[in-house]
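**Q** The structure under discussion is supplied below as structure tokens; questions concerning it will follow.
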Amino acid sequence: MNKHTFYVLQCSDGSFYAGYTNDLEKRIATHNRGKGAKYTRARLPVTCIYEERFETKREAMQKEYAFKQLTRLQKERYMKEGNNREITKKL
């Protein structure tokens, strides 16, 4: 079913926020209502710019953690290329 989603938001200040959810539309709406993560509350509105779906919560959360370890340039490259070359090095 691929219900587990790793996602990246772009905040109004241009920064990225990475997270995990099992309902992406609901989670983005929650962020934009100021009820999501503390980080995004001061940087509204947010827009989803990347998502990947996984079979398990563990896989999605591992991807989120690894993504957060990357530099900004590596994150941009990862999202643009749509593969996991950069992120696999961190796992």
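**Q** Rounded to the nearest 500, what is the chain's calculated 222 nm mean residue ellipticity when only DSSP H runs of at least 4 contribute -39500 (n - 2.57) each, over all residues?
**A** Per the formula, -11500 deg cm²/dmol.
**Q** While we're looking at this one, here's another question. Indicate the gyration tensor shape class of the range 1-57 (rounded, prolate or oblate), computed on the Cα atoms with a ≥ b ≥ c the square roots of the eigenvalues: a/c under 1.5 is rounded; otherwise a/b larger than b/c is prolate and the rest oblate.
**A** In terms of gyration-tensor shape, prolate.
**Q** Can you sort Tyr20, Tyr65 by how many other beta carbons sit within 10 Å, fewest first?
**A** Ranked by crowding around the Cβ, least crowded first: Tyr65, Tyr20.
**Q** Between Glu81 and Thr47, what is 0.36 nm times their sequence separation minus the Cα-Cα distance? Round to one decimal in nm.
**A** 10.3 nm
**Q** Looking at the range 3-35, which trypsin sites (Lys or Arg not before Pro) are in a loop (DSSP not H, G, I, E or B) and have at most 12 other Cβ atoms within 10 Å?
**A** Loop-located and lightly packed - Arg33, Lys35.
**Q** Taking 8 Å as the Cα distance limit and 6 or more residues as the minimum spacing, I'd like the relative contact order of the chain as a percentage.
**A** 31 percent
**Q** Which length gain, in nm to one decimal place, applies between Gln69 and Asp23 when the Cα-Cα distance is subtracted from 0.36 nm times their residue separation?
**A** Extra length from Gln69 to Asp23 when fully extended: 14.2 nm.
**Q** Collect residues whose amide H, placed 1.01 Å from N in the peptide plane, falls under 5 Å from the amide H of Gly36; neighbours closer than 5 in sequence don't count.
**A** Here His31 satisfy the definition.
**Q** Give a residue-ordered list of calculated ³J(HN,Hα) values for the range 52-61 (Karplus: 6.51 cos²θ - 1.76 cosθ + 1.60, θ = phi - 60°; whole Hz; x for Gly, Pro).
**A** For the range 52-61, the Karplus-derived couplings read 9, 10, 9, 6, 10, 4, 4, 4, 5, 6 Hz, x marking Gly and Pro.
**Q** Another question about this same structure. Lysine pairs, Cα distance under 20 Å, 8 or more residues apart or cross-chain: how many in the chain?
**A** Total qualifying Lys-Lys pairs in the chain comes to 20.
Laboratory data are not the source of any read-out in this text; all were calculated from the coordinates shown. Model, not experiment: these values are computed from the prediction. All Cβ positions, glycine included, derive from the backbone under ideal geometry; neighbour counts span all protein chains shown.
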